[in-house]
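Here, each number is a calculation from the coordinates, and none is a lab measurement. Here the structure is a predicted model, which is why all the values come from computation and not from measurement. Virtual Cβ from ideal backbone geometry, glycine too; neighbours counted across all protein chains shown.
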Amino acid sequence: MPTLYTWLFFVHVLAVGTFLFAHGVSGGASFLLRGPVSQQTRSLLWLSQQSSFLSSPAILLVIVTGIWMTLAGHWSGRVWPWASLALLIVVFAAMVYVARPYYMARDAMKDPNEAIAARLASAKPMLALWIGVPALVMLFGLMAFKPF
């Protein structure tokens with residue numbers, strides 16, 4: 001019979017996978033949102049917006065199950081789970097800041113093409129990639145190796 005910790009781990013890993021898949025849709029779309037605004041641009045912004053309906057609850061579930069597993073697995077005295085949580089929060093804040101032009105463009109879907117293009121012009125998808133990928137590697141490392 002699976003333990004509570006096993007179920008939490010299952011839900012945690014499932015939520016991580018769900019978040020990465022759904023968030024990857026937005027991330028991938030961000031690299032295609034350059035140049036003049038077209039119907040394709042608007043479609044990609046809509047798809048990015050829709051993917052957040054899956055990625056946002058998934059990241060919340062990752063945080064809740066991670067904290068719960070820390071307490072249920074008697075890891076609360078160790079540093080690595082709290083370092084993981086701190087890293088996740090810092091990266092989340094940085095990514096929200098970097099992705100602000102996309103959020104503004106998604107919220108302005110009814111605006112003229114020029115207004116959307118102006119918002120997307122300040123977007124930095126490579127910066128988001130350079131923040132997100134190393135952070136993901138560090139998070140996976142903390143989970144796998146539990147170094148401290």
Tell me, what is the percent relative contact order of segment 84-148, built from C-alpha pairs under 8 Å that lie six or more residues apart?
-> 45
How far, in degrees from 0 to 90, does helix 4-30 lean away from the longest principal axis of the Cα atoms of the chain, to the nearest 10?
-> 20
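Let a ≥ b ≥ c be the square roots of the eigenvalues of the Cα gyration tensor of segment 1-136; is it rounded (a/c under 1.5), or, if not, prolate (a/b larger than b/c) or oblate? Please list the in-between numbers first.
Working: a/c = 3.39, a/b = 2.25, b/c = 1.51.
Cα axes put segment 1-136 in the prolate bin.
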Distance (nanometres) between label positions extended 7 Å along Cα→Cβ at Trp7 and Asn113 | 5.4
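Expressed in nm to one decimal, what extension gain is obtained for the pair Phe53 and Phe145 from 0.36 nm per residue of sequence separation less their Cα-Cα distance?
Numbers: separation 92, 0.36 × 92 = 33.12 nm, distance 3.17 nm.
Extending this stretch completely gives an extra 29.9 nm.
Could you tell me which of rounded, prolate or oblate describes segment 1-77, using a ≥ b ≥ c as the square roots of the eigenvalues of the alpha-carbon gyration tensor, with rounded for a/c under 1.5 and, failing that, prolate when a/b is larger than b/c and oblate otherwise?
Prolate, because a/c is 1.5 or more and a/b exceeds b/c.
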